[in-house]
Structures are given as structure tokens and as C-alpha cells.
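Participant: For reference, the structure I am asking about is given below.
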Amino acid sequence: MTERAGHIIVALTLALVTGAVTGCTKADGGTEAGRATPTAQATQATPSVRATPSPRVIPFELYTHCGIDEARIGSTYFEAETPLSDGSGNPPDGWGNPTQLGTMTLKSETEAVFTDDAGHEVKFRARPGARAFKHICA
């Protein structure tokens, strides 16, 4: 009986360790960061502590042809906190044209940050109620 109890404990320990080190996979085939999400029971056990959602990072192709000013993430329209251009309606030197590949980190429902391998970083804020881009670039 003691040997069987030992096997059960080892199996449970392996299951917990394996679950803790594997990342989560999204339905669309991408992967999310391997951070643990608190269970409902754990969250209820400490009502004074609010769980902060972890940022979500997604691959992103930023449209840059007329400068860096806006982005649409899902159905939400965002605008750059500090729009970037070369002064003639083009992206600044060092940016791809018409697009720049990178990642968009969704910090919250209203904040996002675009980064790329070239070291660019642009902060975006959601435009509440927006249903289209402010400017259409040809």
C-alpha cells in the first residue's frame, strides 16, 4: 500500500510540474506567454488583491506608407501617442514602406505598444467609439 501511495504522489508531482512549465496554446495555433493564470478559487481567497491581466503580444504588420499614425487591432482603432513621419507624409528613415513587421503588445484594452527588431517603439491609445481610420492613405 505504501509503494502505491508513493507512485500516486510521484504521478501528481509530475503532473503539476509538467503543467507549470508548458505554455498555453491559443485556438488559432499561436502561443501565449507561459504565465500562470490564477484560478477562480485562488482569486476569491484573496479578495483584496486584484488580478492584473498580463500583456498579450501578437505578431503585427504596421501600415507605415503615410507615416506611423494609426493601427487597427481586432475591431479597435488606435492612434499613435506621437505620430511619426519624415515631414512629407512618409515613414521616417529606417522604417519599412508600406509596412513594418514587428509585434504589438496589448497592455490593456486601451493601450498598445508596437516594437520591431530594428528597435522601433510606438505607443498607441485606443480611440473610443472609432469605426474607421481618421485618414485614408493611398
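Participant: Inside the range 61-77, can you point out the residues that are outside any loop (DSSP other than H, G, I, E, B) and either basic (Lys, Arg) or open to solvent by 30 Å² or more (accessible area, probe 1.4 Å) (or both)? Can you show your working first?
Facilitator: The initial filter retains those residues of the range 61-77 that are outside any loop (DSSP other than H, G, I, E, B), namely 61-63, 65, 67-73, 76-77.
Correct list: Glu61, Tyr63, His65, Asp69, Arg72, Thr76.
Participant: Scan the range 57-74 and tell me whether some residue there is on the phi < 0 side of the Ramachandran plot, in contact with a Lys or Arg (Cβ under 7 Å, 6 or more places away or on another chain) and modelled with pLDDT under 95.
Facilitator: Step one: filter the range 57-74 for residues on the phi < 0 side of the Ramachandran plot, giving 57-66, 68-73.
After this cut, where a residue has to be in contact with a Lys or Arg (Cβ under 7 Å, 6 or more places away or on another chain) as well, the list is 70.
When the remaining residues are screened for being modelled with pLDDT under 95, the result is none.
No, every residue in the range 57-74 fails to be on the phi < 0 side of the Ramachandran plot, in contact with a Lys or Arg (Cβ under 7 Å, 6 or more places away or on another chain) and modelled with pLDDT under 95.
Participant: Taking the options Ala118, Ala80, name whichever one is out of contact with any His (no Cβ under 7 Å at 6 or more places or on another chain) and more than 22 Å from Ala138 (Cα to Cα). Let's see the steps before the verdict.
Facilitator: Working: Ala80 fails: more than 22 Å from Ala138 (Cα to Cα).
That would be Ala118, the only listed residue that is out of contact with any His (no Cβ under 7 Å at 6 or more places or on another chain) and more than 22 Å from Ala138 (Cα to Cα).
The values are calculated or read from the model by the stated rules, or taken from the named source; none is laboratory data. What you see is a predicted model, and the numbers here were worked out from it, not measured in a lab. Cβ atoms come from the backbone with ideal geometry, glycine included; neighbour counts cover every protein chain shown. Heavy atoms of the whole protein, side chains included, go into the accessibility calculation; ligands, DNA and RNA do not. Shrake-Rupley method; radii C 1.70, N 1.55, O 1.52, S 1.80 Å.
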